[in-house]
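Input: a single structure, listed below in structure tokens.
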Amino acid sequence: MVKLSGKIVWAFSIALTASILVYVWYITLPPEKPKATSNTPVLLDEKVLLPLPRKVSELTVEEAILLRRSIREYTDEPVDLNSLAMILWAAYGITEPKRGFRASPSAGATYPLEIYVVIGERGAKSAEVFLREGVYKYEPHSHTLLLVKEGEYRRELMEAALGQRWVGEAPLSIVICAVFERTTSVYGRRGEVRYVPMEVGHAGQNIYLMATALEYGAVVIGAFYDDQVAKVIDAKLEEKPLYIIPIGVPKSPPKTSFEDIWEYITSRR
């Protein structure tokens, strides 16, 4: 029987110990987080990694402005998650990473708005996979939807909006809230009565135009019971609802051409 020298045994022991430590380290590593590519959402249990912002529409800005309408009648088709991602980014997504600037201008870059999405059953999908119905919150820095609570809440939101049926019939609705203190702490009452209302208007128009460019319809709604809306979406105490914006595929897409506008204008000159 061959006897191993002490040095060989010592070296073998060190190698075996190192191998065991490396293996233990490897198996205890947290699983690698999936990443959204430019056009592939990742659906996790409590959040949705949205497709990254990119050029997606064929309409020019002027064409989107021409065709923008307040649409209240929708088909049963769901909203594609790629389109929802772009609509949310257009509303309040990051457009300048070094300073954190967003798609909507904000007084003093105070960014008081918080954006929720109420998604109905089969209201939004990626490929053949539907998102769980529920209330989600948009996190702009990671371009992510965070699940607030699961369930069908469109009827409750409709009731909070004075029974406006398009809120209940649209596949999903965006709810924009404001934390006024972020702006009033800098600008006082002017922030409350002027700057924050201006900002939610900017975001609402961005939603209109991006939705139009992607062949969806939207309508901004301001008639609702604030406390009821806040309860439906589980808004934080300081978050005050300002807009409800149903979105869906329009039953009757708007049809207007620049030639129609030329005729209208020239006839009045």
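Okay, here's what the table says:
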quantity	calculated
Lys, Arg +1 and Asp, Glu -1 on Cβ, resulting dipole of the chain about Cα centre, debye, nearest 20	940
Cα pair distances in region 134-269, grouped into 5 Å bins until the bin that holds the longest one, percent each	2, 9, 15, 18, 19, 14, 9, 6, 5, 3, 1, 0
3J(HN,Hα) from dihedral phi, region 144-156, Karplus parametrisation 6.51/-1.76/1.60, rounded to Hz, x for glycine, proline	9, 9, 9, 6, 8, 7, 8, x, 8, 10, 5, 5, 4
Cα-centre dipole for region 42-199 with unit charges at Cβ (Lys and Arg positive, Asp and Glu negative), debye to 20	680
Extended-chain gain in nm, criterion 0.36 nm per residue less alpha-carbon gap, residue 75 and residue 223	51.0 nm
Full-extension gain in nm, residue 149 to residue 130, via 0.36 nm per residue minus C-alpha separation	5.2 nm
Two-site FRET efficiency, residue 65 against residue 237, from Cβ-Cβ distance with R₀ of 45 Å, rounded to 0.05	0.75
Virtual spin-label span in nm between residue 257 and residue 40, 7 Å along Cα→Cβ	4.2
The chain: projected area of the alpha-carbon convex hull, averaged over directions, in nm²	23.6
Largest-first principal axis extents, alpha carbons of region 201-269, Å	53, 27, 17
Options 117, 267, 178, ranked by Cα towards positive dipole end of the chain, top entry (Cβ charges)	178
Residue 56 versus residue 98: modelled label distance in nm, points set 7 Å from Cα along the beta carbon direction	2.8
HN-Hα J in Hz across region 246-253 - Karplus 6.51, -1.76, 1.60, θ = phi - 60°, x for Gly and Pro	x, 9, x, 6, x, 5, 10, x
The chain, helix-only ellipticity at 222 nm - DSSP H runs n ≥ 4, -39,500 (n - 2.57), divided by all residues, nearest 500	-10500 deg cm²/dmol
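We did not get these values from a lab; they are worked out from the coordinates using the rules stated. Remember, predicted model here, so these are calculated numbers, not experimental data. Cβ: placed from backbone, ideal geometry, glycine included. Neighbour counts: every protein chain shown.
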